[in-house]
Structure formats: structure tokens, C-alpha cells
Amino acid sequence: MHPNIRRIAAFFTAHVDGLLFGAILLLTGTGLIVLYSAANGTFARVSSQLGNVMVAFTVMWAFANIPPHYLMRLAVPVYLIGLMLLVGVALFGEVVNGARRWLHVGVTRIQPSELMRIAVPLMLAWYFDRYESALRLRNFVFAALLLIVPVGLIVRQPDLGTAVLIFASGGYVLFLAGLSWRVIVGMIVAGGASLPLLWSVLHDYQRQRILTLIDPTQDPLGTGYHTIQSTIAVGSGGLFGKGWLNGTQTHLDFIPERTTDFIFAVFSEEFGLVGNSILLFLFLLVIARGMVITANAPTLFSRLLAGAITLTFFTYAFVNMGMVSGILPVVGVPLPLISYGGTSLVTICLGFGILMSIQTHRKLVQT
């Protein structure tokens with residue numbers, strides 16, 4: 001290989017974790033294959049998603065080259081900017097389909113809640129790293145407030161799916177920082193006791209989602225339609241599936257939102273239990289690699305951030321597959337790296353870029 005080509009290749013791969021990137025590449029490639037079938041064999045959606053993948057991989061590479069100590073400096077300003085944008089959404093946001101989630105900024109519009117998926121764990125990891133030598137219960141209380149404020153603003157939009165993911169990412173940081181099991185159990189008990197109060201403040205459509213989870217057949221052509229059709233598709237795949245492009249639930253238009261939130265139903269019908277097992281293996285490979293990076297992280301900040309990113313990715317996958325399989329309510333969470341969509345894909349790959357940065361800059365920190 002020519003020396004110049006070798007130097008260029010070394011420049012682009014120096015901070016890329018090969019195992020993690022390989023698993024991500026296989027998952028995104030699988031997503032494009034399934035998307036082609038879900039879009040009824042048309043290339044328009046696939047080419048659009050391919051553009052999203054290129055942007056997301058560029059963002060991942062860029063963040064992989066940013067040392068973790070620079071990310072620490074960004075934690076507070078990014079969190080405060082995200083918080084101000086959420087307040088701006090509450091005051092001036094655009095209402096789309098009954099939800100106020102978008103904010104016009106100049107010539108475009110943004111969804112600030114997506115920024116908080118990274119900003120919240122970044123801020124909490126910075127906060128705990130700052131007080132690492134003398135962590136007290138009051139530090140966990142203040143950290144919980146840093147988490148509850150943006151989650152409350154997002155719930156108010158309403159956007160329950162994103163709020164759950166952000167709450168989970170912050171909760172993982174609290175857990176990894178050493179929150180006492182007694183406190184965790186107490187919070188679970190208190191949460192269970194407050195369910196009647198929480199039920200009273202839920203929106204009507206949110207209550208209906210929970211009731212539909214219990215018995216989707218009570219409204220089979222309305223709120224229960226998504227769950228019924230997706231579970232039929234998952235079950236009809238059998239052991240080996242019906243084959244690529246041969247899913248009847250998919251191509252007879254029974255599966256709703258089949259290119260986004262319910263793309264797992266398409267995959268299950270066409271590739272069956274064997275295909276699902278391979279897909280789960282790839283997800284577990286990504287999660288396992290993320291946890292290895294977490295365990296080897298040299299600082300508390302990088303360890304908490306890597307753990308939160310990895311476990312949030314697990315939550316993404318678990319919630320979507322549970323939703324499609326009928327064991328969780330429909331909350332509008334896409335299947336990471338598989339579902340069509342640019343914003344979610346870029347956010348996820350940004351997190352993977354941070355994971356790669358933590359891994360590849362680890363030796364520099366230790367020396």
C-alpha cells in the first residue's frame with residue numbers, strides 16, 4: 001500500500017473502534033435491507049435513509065475524534081442551551097398533531113428533546129465527576145433535579161416516549177454513580193404507591209395506550225390495531241420466516257408505520273425466529289462492547305457517560321421490540337439503527353462516537 005494511502009487510512013480509522021463499528025455497520029445494513037421490503041420494493045426511502053446513514057456516520061467519526069475532556073467542557077453549556085430550547089418550545093413551539101415539540105430557529109425547525117438525550121447524561125456525568133471525592137445523598141438529590149426538570153418539560157409537550165428514554169439515561173447515571181439500593185427500592189415503592197395519582201394526570205390517549213396493552217381486542221380497528229397486527233406479523237414468521245419481500249402482513253398493508261416504529265414486525269415476519277436471534281445477537285454485541293468500554297474507562301466521567309449511552313441503547317431496542325411484540329404499550333420509539341429516520345439515527349451514532357472516543361483515548365489518559 002502506498003504510504004500516503006496508509007496515512008490517510010490511519011487518519012480516518014485512528015479513533016474508530018473496529019468491533020463496535022462492525023456491529024453498527026451490520027445493523028444499519030440490515031435496516032436498509034428490511035426498509036426496502038417495508039417500502040414495498042421502492043428505492044426512494046432506502047436512498048433517503050442511506051443519506052441519513054452517511055450523515056450519522058460522519059457525526060460518529062467526528063465525535064470519536066473529540067477527547068473526553070473536551071466533552072466535559074461542553075456538558076454545562078449544552079445542557080443549559082437544551083433547557084432554554086425546551087422552555088422556548090413550551091412558550092413558542094409549533095403544534096404538530098396535537099403535540100408542541102418543534103421550535104423554529106432561523107430557516108429551519110428543531111426538536112430540542114433530541115438534544116437532551118445526550119445533554120442529560122453528559123451533564124450528570126460531569127456533575128458526579130466534579131464531586132467524586134465527596135459524594136453525599138444531597139448530590140444525588142440535586143442530580144435528580146437536573147434530570148426531572150427537562151423530563152417534565154418533555155412530558156408536558158407531550159412526548160412520553162422521548163421522556164422515558166431521557167429519564168432512563170439519567171437514571172442509569174445515578175445508578176452507576178453509586179446510588180444506594182435502599183434508595184432505589186424506596187423510589188420503586190413510592191412510584192408504585194403514586195400510580196393512582198399518575199393515572200389522573202395522564203392524557204386520555206396515554207391512558208388508552210395502557211388499557212390497549214391489557215386488552216387490545218377492546219378496540220381492534222382503533223387503538224388496538226397496531227398491537228394486534230404487529231403481533232400477528234411476529235407470530236406468522238415462524239421459525240425461518242416467509243422470506244425477504246414475501247411478508248403478507250407487510251405487503252398487504254396491515255402493518256402500520258412499518259418503515260419506522262413497527263419495522264421489527266416486518267423483519268420478524270420475513271426472517272422468523274432464526275433471523276430474530278441473529279438480530280438480537282448483533283444488538284447484544286453492540287451492548288456488550290459498550291459495557292466493556294464502560295468497564296475500562298479511566299475516569300468517573302467517561303465511565304458514567306459510556307454506561308449511560310450503552311444502557312440507553314439497550315432501552316431503545318427493548319422498548320421497541322416489547323412494543324411491537326405486545327408486552328409494552330405503544331410509545332413511538334424507533335428500533336435503533338434499523339428504523340427509518342434521520343434525527344434518531346444521528347443521535348444514536350453521536351453516542352457511539354463518544355463511546356469510541358472514550359475507548360481510543362483511554363491509553364492517552366492513562367499515560
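Observations on the structure shown:
- Phi-derived couplings, Karplus 6.51 cos²θ - 1.76 cosθ + 1.60 at θ = phi - 60°, listed residue by residue for region 179-194: 4, 4, 4, 4, 5, 4, 4, x, 5, 5, 4, 5, x, x, 5, 8 Hz, with x used for Gly and Pro.
- Candidates Gly82, Gly290, Gly191, ranked by Gaussian network fluctuation over the chain, Cα under 10 Å, top entry: Gly191
- Largest GNM mean-square fluctuation across Phe313, Phe254, Phe271, computed for the chain with C-alpha springs under 10 Å, falls on Phe254.
- Dmax and Rg, reported as Rg then Dmax, of region 250-358 (C-alpha, Å): 15.2, 53
- Longest exposed-site-free window of the chain, the sites being trypsin sites (Lys or Arg not before Pro) in a DSSP loop that have at most 14 other C-beta atoms within 10 Å: 157-367
- Toward the positive end of the charge dipole of region 18-366, with +1 on the Cβ of Lys and Arg and -1 on the Cβ of Asp and Glu, the farthest Cα among Thr162, Asn320, Ile263 is that of Thr162.
- Evaluated with a Cβ-only charge set (Lys, Arg +1; Asp, Glu -1), the chain carries a dipole of roughly 1100 debye about its Cα centre, given to the nearest 20.
- Calculated on alpha-carbon atoms, Rg and Dmax of the chain in Å: 21.1, 69
- With all projection directions averaged, the alpha carbon convex hull of region 170-280 covers 9.9 nm².
- Integer Hz, Karplus 6.51/-1.76/1.60 couplings in order for region 238-254, x for Gly and Pro: x, 7, 10, x, 8, x, 4, 6, 10, x, 6, 4, 6, 7, 9, 6, 7
- Global form of region 68-202, assessed from the alpha-carbon gyration tensor, a/c cut-off 1.5: oblate
- The phi-based Karplus calculation (6.51 cos²θ - 1.76 cosθ + 1.60; θ = phi - 60°) puts the 3J(HN,Hα) values of region 273-285 at 5, 5, x, 4, 5, 5, 4, 4, 4, 5, 4, 5, 5 Hz, whole numbers, x for Gly and Pro.
- By the helix-only formula, in which each DSSP H run with n ≥ 4 contributes -39500 (n - 2.57) and the sum is divided by residues, the chain has a 222 nm mean residue ellipticity of -24000 deg cm²/dmol.
- Charge dipole (debye, nearest 20) of region 55-188; +1 at Cβ of Lys and Arg, -1 at Cβ of Asp and Glu: 220
Only the coordinates and a few stated rules stand behind these numbers; no lab work does. For clarity, every value in this text was computed on a predicted model and none was experimentally measured. Cβ coordinates were reconstructed from backbone atoms using ideal geometry, including for glycine residues, and neighbour counts include every protein chain displayed.
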